[in-house]
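Contents: one structure, followed by commentary.
Readers should treat all values here as calculations from the given coordinates under stated rules, not as data from a laboratory. None of the values given here were measured: they were computed from a predicted structure. Here the Cβ positions follow ideal geometry from the backbone for every residue, glycine too, while neighbour counts run over all protein chains shown.
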Amino acid sequence: MDRIPILKMGPFLLVTIQVDLYDRLALNLENDLITMVSKTEAKGVLIDISAVSIVDSFMGRILGNIASMSRIMDAETVVVGMQPAVAITLVELGLTLQGVHTALNVEKGMELLQNKIGLNLLNQEEYQEPADDTDL
Amino acid sequence: MKNATSKVIRKNKAQILESWMKYQLTDEDLRDDLMNMEELHGQSEQLLDSFLNALESGNMNDINAREFEPIRDTLGEISVMRARRGYSPRETGTFVLSLKQSLFDALEKEFKSQPEILYKEIILVNNLLDSLSIFTFETFIKGREEVILRQTDEINEISTPVIRVWEGILALPIIGTLDSARTQIVMENLLQEIVATGSSIAILDISGVPAVDSLVAQHLIKTVSATRLMGAECIISGIRAEIAQTIVHLGIDLSNIKTKASLASALRLAYDMMGVEVKKMDRRSKISLL
């Protein structure tokens, strides 16, 4: 069965959707992502949909669901790189994805997530380095 | 099979053309500044020729038939050209309808002693020219519509520029009424520009929008939502006092949208959001820099 890879980057999870989502795949993604959030205690989820050119109401709802579920589990969701055509379609469908944060690209999305959870990269490195030392 | 009318026309072609020209010119509304005499003469002769050829083929009823193709082409060309030059429909119609009178004159002279044939032929010619004049009107209006469509496209293109006012800030002054079609164009232009420039703030200036009703507000909200989905913030500026009144009276909820009275204050807000500080330079420090 097809699955979309979920990458762990520090306290965040990164999902890059490279194919057009069909219903089964979207449901799997929702499932896998929430499992990963609970397993890794991620603070943020970043979904890159820059390669998605077709969207329907189901896909819009899945995105909203992921955001709501993540928030219950204390993780913020950012959707990045939405195509203009996709944005127009979602608005015409009446799905404005309230509660989902958005950003232009992955870089800005990461920045937004870091601001959201009150962390910045520097602090985190300082925090992680001594932790590595103690492990050694 | 040759019929009586075509024979008469063939015989009296020069006379018919002459009297047709005379009828066209006696119309007091004709503006001779729009077209010169030679051109009119040429067109009339060409049309009469193709009319004669079509008649000689024997078809007297159906102007959609193949024999009438040259005459349809000629008429179409003439009426589209007249539409572009700003002729009135009346003038274009007279062009075809005045041929009727000169044909009747010729027929009457020929069949004076045979009223039955005269009646039959006149009915035939009458019907034929009526359908031809309807065809002329159709193409004339089509020509006009093409002009209108082209102008609409031009207005749409001119009226929705997306301006990059700062790194990461786009401004979009909207001028004229916002209908669904224009909203679509505005939205598409804006979103494409956001992707192309990687801007994170868009200012929608509506000082040029004459009135905001619930439909226009709906379109604005749609544009703002789409911008938000792309990951950019949208500020609406240029809200005049009357527009603010209408919006509140109509009960439109714009509380989720950042709104500012002027483009200047929207720009200030955008600078704040981006962490850019703009301040007046101290004159003395400027001099010392020089």
What's the angle, to the nearest 10 degrees (0 to 90), between helix A:23-40's Cα axis and the longest principal axis of chain A? 20 degrees
Please get the size of the charge dipole for segment B:4-153, origin at its Cα centre, with Cβ charges of +1 on Lys and Arg and -1 on Asp and Glu, quoted in debye to the nearest 20. 200 debye
Segment B:188-239: D in µm²/s via Stokes-Einstein (Kirkwood Rh, Cα pairs, 10 °C, 1.306 mPa s)? 139 µm²/s
Too long at a 27 Å Cα-Cα cut-off: which of B:Lys258/B:Lys279; B:Lys109/B:Lys142; A:Lys116/B:Lys280; B:Lys142/B:Lys222? B:Lys109/B:Lys142; A:Lys116/B:Lys280; B:Lys142/B:Lys222
Contact order normalised by length for segment B:163-274, with contacts defined as Cα pairs under 8 Å and 6 or more residues apart; what percent is it? 27 percent
Rounded FRET efficiency, nearest 0.05, which uses the C-beta distance separating B:Ser255 from A:Asn31 and R0 of 51 Å: 0.90
Which net charge results for the neighbourhood of A:Leu104, defined as the other residues with beta-carbon distances under 14 angstrom from its beta-carbon, given Lys and Arg at +1 and Asp and Glu at -1? -4
What's the FRET efficiency of B:Asp49 with B:Ser159 using the Cβ-Cβ distance as r and R₀ = 51 Å, to the nearest 0.05? 0.60
Nearest-ten-degree value, helix A:57-72 long axis tilted from longest Cα axis of chain A: 30 degrees
So what's the projected area for segment B:163-274, the Cα convex hull averaged over all directions, in nm²? 6.1 nm²
Farthest positive-ward along segment B:163-274 dipole, Cα basis, beta-carbon charges - from B:Leu190, B:Ile169, B:Ile206: B:Ile169
quick note, segment B:155-275, DSSP beta bridge pairs, % antiparallel (nearest 5) is 20 percent
Principal axes first, then extents: for the Cα atoms of chain B, list largest minus smallest coordinate on each axis, whole Å, largest first. 104, 50, 34
Signed unit charges on C-beta, dipole axis of the protein assembly as shown, positive-most listed residue B:Gly231, B:Leu254, B:Ile16: B:Ile16
Taking θ as phi - 60°, what are the ³J(HN,Hα) couplings along segment B:225-231 by the Karplus curve (6.51, -1.76, 1.60), each to the nearest whole Hz, with x for Gly and Pro? 4, 4, 4, 5, 4, 6, x
What lysines could a cross-link reach from B:Lys112, if we take a straight Cα to Cα line under 30 Å and drop same-chain neighbours fewer than 8 places away? B:Lys2, B:Lys7, B:Lys11, B:Lys13, B:Lys22, B:Lys100, B:Lys120
List the residues, sorted by chain then number, that are 5 or more residues from A:His101 or on another chain and whose placed amide H is less than 5 Å from its amide H. A:Thr77, A:Val79
So what are the ³J(HN,Hα) numbers for segment B:132-146, from phi and the Karplus equation (6.51, -1.76, 1.60; θ = phi - 60°), rounded to whole Hz, Gly and Pro as x? 5, 6, 4, 4, 4, 4, 4, 5, 4, 5, 4, x, 4, 4, 4
What list of ³J(HN,Hα) couplings, whole Hz, do you get for segment B:198-207 from phi and the Karplus terms 6.51, -1.76, 1.60, once you set θ to phi - 60° and write x for glycine and proline? x, 7, 10, 10, 10, 10, 9, 9, 10, 5
Can you give the net charge of the other residues whose Cβ lies under 9 Å from the Cβ of B:Thr139, counting K and R as +1 and D and E as -1? 0
Of the DSSP beta bridges with both residues in the protein assembly as shown, give the percent that are antiparallel, rounding to the nearest 5. 20 percent
Folded to 0 to 90 degrees: helix B:180-197 orientation relative to chain B principal axis, Cα: 50 degrees
In deg cm²/dmol, rounded to 500, what helix-only [θ] at 222 nm does the protein assembly as shown give when every DSSP H run of at least 4 residues adds -39500 (n - 2.57) and the total is split over its residues? -20000 deg cm²/dmol
Pairwise Cα inverse-distance average, inverted: Kirkwood Rh of segment B:78-214 (Å): 19.7 Å
Local electrostatic count, B:Ile236, Cβ distance below 10 Å [Lys/Arg +1, Asp/Glu -1]: +1
